[in-house]
Amino acid sequence: MFLIQNTLVSLDVLEKDFCCDLDACRGCCCIEGDAGAPISEEECAKVEQILPLLLPDMTPAARDVVARQGISYLDPSGERVTSIVESSPCVFARTNHQGWCYCLIEKAYRQGRIDFPKPISCHLYPIRLTHSGDLIGVEYHRWDICHVARVLGKKNKLKLYQFLREPLIRRFGQSWYDELCLTASEWEKQCKQKS
C-alpha cells in the first residue's frame, strides 16, 4: 500500500495490467453480480434530477423497479447501491441489438443531455473505494469476467491506474493523480533495480 494524500493505494492498482475489452465482454459488468453499483446520497440526488430524461429509454421492467423502490436501495451490508432488475442488470443498463450492454446515464452524458457522467463507482471500476476513518482505500477488485481486460491491458502495456486516469482525476484531482504517477514510476524503478 502507498499513502498518497488521504488515500491508501493498493500495489495492484500500480502493477496490474488492465484495459476494458468491450468487443469481448460487451459490458457484462453492468449485468453480472448480485447487487447494484455503490452510489452516494449526493449521486442519488443528481440521478433523481435527471431521471425524467432517462425513463423513456429504460426497459419496462426497470421502470417498474424504480416506481416500486426508487433508483437505489441498501444492500445486505448497508451500502447504498443502484437498483437492479430481478437480481441482475442495473436499472440504467440497456442492451443494444448487437448484445452490447451500455449505461443510459453515460449515453445521455456523452450526448450532452446531462452533466453527470455516471456514479463514480461505475466510472472507477474495477477500482473500489473503502473508507476507514479519514483514509480512503483505493483497491483493485479482481473479477473473473474481467479476464479479457487483463489480457488486453498486458498486450497494450497499460496499467490499471493509467487506464482509469479520467475517473481517478474526477474523484481525487489532478495533483493526486500526478503524485500517483510519480509513485508508480519510482516503484517501477525500484523493482527493476532488484531484479
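Among residues of the range 146-183 being of a type in the set (Gly, Ala, Ser) and open to solvent by less than 50 Å² (accessible area, probe 1.4 Å), the one that is farthest from ASP23 (Cα to Cα) is GLY173. Inside the range 127-152, can you point out the residues that are over 18 Å from PHE2 (Cα atoms) and not aliphatic (A, V, I, L, M)? If the condition is that a residue be over 18 Å from PHE2 (Cα atoms) and not aliphatic (A, V, I, L, M), then ARG142, TRP143, ASP144, CYS146, HIS147, ARG150 are the ones that fit. Residues that are modelled with pLDDT under 85 and acidic (Asp, Glu) are absent from the range 46-55 altogether.
Regarding the range 165-175, can at least one residue be identified that is of a type in the set (Val, Ile, Thr) and out of contact with any strand residue (DSSP E or B) (no Cβ under 6 Å at 6 or more places or on another chain)? Yes, some residue in the range 165-175 is of a type in the set (Val, Ile, Thr) and out of contact with any strand residue (DSSP E or B) (no Cβ under 6 Å at 6 or more places or on another chain).
Just to be sure before I move on: is GLU139 without any contact (Cβ under 8 Å) to a residue 24 or more places away in the chain and within 13 Å of the chain's Cα centre (by Cα) in the structure I sent? Let's see the steps before the verdict.
On the way: without any contact (Cβ under 8 Å) to a residue 24 or more places away in the chain: no; within 13 Å of the chain's Cα centre (by Cα): yes.
Considered against the rule, which asks whether it is without any contact (Cβ under 8 Å) to a residue 24 or more places away in the chain and within 13 Å of the chain's Cα centre (by Cα), GLU139 comes out as no.
Taking helices (runs of 4 or more DSSP H) as the structural unit, those lying wholly within the range 131-174 and holding at least 2 residues that are closer than 19 Å to GLU43 by Cβ correspond to 165-172.
Residues in the range 122-141 include at least one that is charged (D, E, K, R) and over 22 Å from GLU188 (Cα atoms).
Within the option set LEU124, LEU160, LEU168, being closer than 25 Å to ILE84 by Cα, in contact (Cβ under 8 Å) with a residue 12 or more places away in the chain, of a type outside the set (Phe, Trp, Tyr) and touching a helix residue (DSSP H, G or I) at 6+ places or on another chain (Cβ under 6 Å) holds for one residue only, LEU124. The set of residues in the range 62-88 that are open to solvent by less than 40 Å² (accessible area, probe 1.4 Å) and either farther than 15 Å from VAL47 by Cα or not in a loop (DSSP other than H, G, I, E, B) (or both) comprises ALA62, VAL65, VAL66, SER72, ASP75, VAL81, THR82, ILE84, VAL85, SER88.
Checked across the range 114-135, the condition of being farther than 30 Å from LEU53 by Cα, open to solvent by 70 Å² or more (accessible area, probe 1.4 Å) and of a type in the set (Val, Ile, Thr) holds for no residue.
Counting just the residues of the range 27-45 that are modelled with pLDDT of 90 or more and of a type in the set (A, V, I, L, M), which one comes out surrounded by the most Cβ atoms within 10 Å (Cβ to Cβ)? First the steps, then the outcome.
If we filter the range 27-45 for residues that are modelled with pLDDT of 90 or more, which is where we start, we get 38-45.
Now drop any that are not of a type in the set (A, V, I, L, M), which leaves 39, 45.
Working: ILE39: 24, ALA45: 9.
Per the stated criteria, the residue is ILE39.
The values are calculated or read from the model by the stated rules, or taken from the named source; none is laboratory data. Bear in mind that the values here come from a model prediction, so they are computed numbers and not experimental data. When we count neighbours, we look across all protein chains shown, and the Cβ atoms used for this are built from the backbone with ideal geometry, even at glycine. The accessibility values were calculated without ligands, DNA or RNA, using every heavy atom of the protein model including side chains. Shrake-Rupley method; radii C 1.70, N 1.55, O 1.52, S 1.80 Å.
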